[in-house]
Amino acid sequence: MLAKRIIPCLDVRDGKVVKGINFVGIKEVGDPVECAEEYNAQGADEICFLDITATHEGRGTMVDVVRRTAQRVFVPLTVGGGISSVDDFRELLRSGADKVSVNSAAVRNPQLIHDAAEIFGSQCVVVAIDAKKKGDSWTVVVNGGRIDMNIDAVEWAKKAEELGAGEILLTSMDTDGMKTGFDIELLNAVCDVVKIPVIASGGCGTLEHFSEVFQKTKASAALAASLFHYKELTVSQVKEHLEENNIPVRRVD
Amino acid sequence: MITIIDYGAGNLFSVQNALNFLGVENNISSKAEDIVSADKLILPGVGAFPDAMRMLDEAGLTEVIKDEARKKPLMGICLGMQMLFDKSYEFGETEGLGLIPGTVELMHPANDLVIPHIGWNSLEKNEPCKLLETVNDGDYVYFVHSYAAVTDSRNVAAYCDYGMKVPALVMSGNVYGCQFHPEKSGKTGLGILKTFASL
């Protein structure tokens with residue numbers, strides 16, 4: 001039986017794991033390869049790197065991080081952040097990424113999804129959608145929620161699938177960082193219209209939030225960053241909890 | 001020495017990373033002489049069946065692989081596993097290497113399950129197989145595929161369940177095929193590669 005996946009996400013800037021993006025001081029808190037190895041040991045089903053490097057030079061550093069991680073961690077690696085071309089896909093896939101996630105570049109140029117899927121296969125094209133509630137529906141936002149693209153998020157998810165996306169990484173900007181649980185309503189709205197796997201992101205703060213998202217939605221995976229980063233919970237604790245709730249997970253211990 | 005066969009299709013470096021991590025001597029090569037001198041062969045593969053067989057032909061490797069597979073252990077991975085069969089129906093009908101009897105056909109899972117079949121799925125042992133020495137029933141491995149082997153159950157060491165019984169690990173003599181990616185399947189996958197290396 002297919003397991004529900006737990007995906008820890010690491011924010012990386014200039015080759016270092018950082019935390020506190022939305023606050024004044026960004027702290028460098030570690031080596032991404034070591035963090036990925038730790039998550040792997042805990043039973044992470046996939047490791048996600050989000051590159052928040054602003055400079056061009058920093059890009060090469062990310063490629064190096066992916067290459068070094070792929071030498072030590074043998075689960076799928078997903079890399080996102082600032083991906084804007086087929087060449088970006090190629091470079092990251094060649095360095096050892098298994099999937100690449102695109103966000104704002106795909107909103108601005110949907111053809112990128114189609115082109116990347118055609119060249120590299122849908123399985124490695126993850127479309128990341130940041131959604132925010134607006135009236136009775138959700139709108140797509142970019143730049144950390146600062147820019148409203150005035151596109152219906154559910155429609156966009158459907159279109160991304162049609163264009164060849166292999167997965168949707170769906171982050172609720174309303175619940176992100178709130179620790180009140182995943183955005184069940186948003187997830188169901190998207191899961192109802194797409195057949196490809198949806199990764200739930202934003203809002204988890206407790207073990208129960210993980211069982212809730214798999215019991216109340218068809219999400220295939222749940223992603224979290226800070227929660228794992230600050231060791232509030234480990235991946236193994238989450239899996240143990242899911243197993244107790246009869247949700248199929250892959251245990252490594 | 002394990003030679004990872006390079007014919008232009010496949011994530012060779014992931015496989016090499018895993019073998020390096022295990023301390024297994026290996027090389028990546030597209031030369032017939034390396035395939036002949038290797039102790040064991042790995043045939044990786046990503047993409048579509050007809051393209052991959054064409055590339056293998058164009059590299060002049062089809063016959064040498066068929067010959068060497070009679071003499072030494074060979075492991076096909078993902079599309080490389082599918083290429084071990086007689087033929088595939090992906091985009092028409094294409095002849096494979098014919099090393100394991102059977103065909104490769106589009107999956108038709110029940111329960112409205114989508115293809116491609118992507119993710120971690122659990123192995124159910126079927127026939128005894130050396131490569132499963134370190135594997136327990138229910139251990140999870142990582143799959144990404146839309147087509148699957150159709151073959152006699154005698155050739156299947158392990159299945160997985162995805163709205164249908166999917167041949168996950170197949171074998172015939174010293175020829176083995178993993179539909180999943182052992183190089184992306186954590187400890188379970190590394191265990192299978194290590195066992196293969198020590199055959």
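General remarks:
- Test: B:Ile28 is within 14 Å of chain A (Cβ to nearest Cβ), within 27 Å of B:Leu190 (Cα to Cα), touching an Asp or Glu at 6+ places or on another chain (Cβ under 6 Å) and touching a residue at least 24 places away in the same chain (Cβ under 8 Å): yes
- Residues located in region A:18-51, provided they are modelled with pLDDT of 90 or more and among the hydrophobic types (A, V, I, L, M, F, W, C): A:Val33, A:Cys35, A:Ala36, A:Ala41, A:Ala44, A:Ile47, A:Cys48, A:Phe49, A:Leu50
- Restricting attention to region B:48-67, the residues that are surrounded by 20 or more Cβ atoms within 10 Å (Cβ to Cβ) and part of a helix (DSSP H, G or I) total 5.
- Any hit, region A:145-165, residues being within 14 Å of chain B (Cβ to nearest Cβ) and in contact (Cβ under 8 Å) with a residue 40 or more places away in the chain: yes
- Here the condition is being closer than 30 Å to A:Arg251 by Cβ and part of a loop (DSSP other than H, G, I, E, B); of B:Glu127, B:Glu90, it holds for B:Glu127 alone.
- B:His108 being within 14 Å of another protein chain (Cβ to nearest Cβ) and of a type outside the set (Asp, Glu): no
- Extreme residue, surrounded by the fewest Cβ atoms within 10 Å (Cβ to Cβ), among residues of region A:89-135 that are more than 14 Å from chain B (Cβ to nearest Cβ) and of a type in the set (Ser, Thr, Tyr): A:Ser104
- Number of the exception - B:Ile118 against (1) touching a strand residue (DSSP E or B) at 6+ places or on another chain (Cβ under 9 Å); (2) over 13 Å from B:Gln179 (Cα atoms); (3) within 13 Å of another protein chain (Cβ to nearest Cβ): (2)
- Boolean, A:Ala189 is modelled with pLDDT of 95 or more, of a type in the set (Gly, Ala, Ser) and in contact with a Cys (Cβ under 7 Å, 6 or more places away or on another chain): no
- Within region B:104-124, being over 18 Å from A:Phe74 (Cα atoms) and in a strand (DSSP E or B) holds for B:Val104, B:Glu105, B:Leu106, B:His117, B:Glu124.
The values are calculated or read from the model by the stated rules, or taken from the named source; none is laboratory data. Quick caveat: nothing in here was measured; it's all calculated off a predicted structure. Using ideal geometry, Cβ is built from the backbone for each residue, glycine included, and neighbour counts are taken over all protein chains shown.
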